[in-house]
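Reading through the structure tokens given below for one structure.
The values are calculated or read from the model by the stated rules, or taken from the named source; none is laboratory data. Since the structure is predicted, the reported quantities are computational estimates derived from the model, not experimental observations. Don't worry about glycine lacking a Cβ; one is built from the backbone with ideal geometry, like all the others, and counts go over all protein chains shown. Quick note on the areas: whole protein, heavy atoms, side chains included, nothing else; ligands and nucleic acids left out. Shrake-Rupley method; radii C 1.70, N 1.55, O 1.52, S 1.80 Å.
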Amino acid sequence: SSRLIYTLLKKLYFIFNSSYTRKEYDNRIVTTGQEKQKDDLYVTGMTAKYRLNKNNSLSLNYTYRHNSSNEPFEEYTASIISCGWQHIF
């Protein structure tokens, strides 16, 4: 996995990340034959974070996931958008 943080302004910064995971299942046989299931999961994302003050920040996050599999029912893509508020005590 990799991660990059880029500060645009004093209160605004971006976090870029990506990862790759290879999964080989010992106990799952694919529906199309006798071979065992293998997945390749790719995840990439970006977060924009804005500091309101020293204790509070807002964030907006986008994540893209793609699972490539030799099992057709386990192959998928997903786009996830989320937002949040963080308060540090």
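If you go through segment 1-46 and keep only what is in contact (Cβ under 8 Å) with a residue 24 or more places away in the chain and touching a Leu at 6+ places or on another chain (Cβ under 7 Å), you end up with 14, 16. The condition of being farther than 20 Å from residue 1 by Cβ, touching a strand residue (DSSP E or B) at 6+ places or on another chain (Cβ under 7 Å), modelled with pLDDT of 95 or more and open to solvent by 50 Å² or more (accessible area, probe 1.4 Å) holds for residue 81. Residues that are among the β-branched types (Val, Ile, Thr) and surrounded by 14 or more Cβ atoms within 10 Å (Cβ to Cβ) within segment 4-61 comprise 15, 30, 43, 44, 47, listed in sequence order. Scanning segment 32-77 for residues that are of a type in the set (Phe, Trp, Tyr) and modelled with pLDDT under 95 yields a single hit, 73. For segment 70-85, enumerate the residues that are within 17 Å of residue 42 (Cα to Cα) and without any contact (Cβ under 8 Å) to a residue 40 or more places away in the chain. Of everything in segment 70-85, those that are within 17 Å of residue 42 (Cα to Cα) and without any contact (Cβ under 8 Å) to a residue 40 or more places away in the chain turn out to be 74, 75, 76, 77, 78, 79, 80, 81.
Report the residue count in segment 13-28 for those that are more than 20 Å from residue 66 (Cα to Cα) and touching a Lys or Arg at 6+ places or on another chain (Cβ under 6 Å). Counting residues in segment 13-28 that are more than 20 Å from residue 66 (Cα to Cα) and touching a Lys or Arg at 6+ places or on another chain (Cβ under 6 Å) gives 1.
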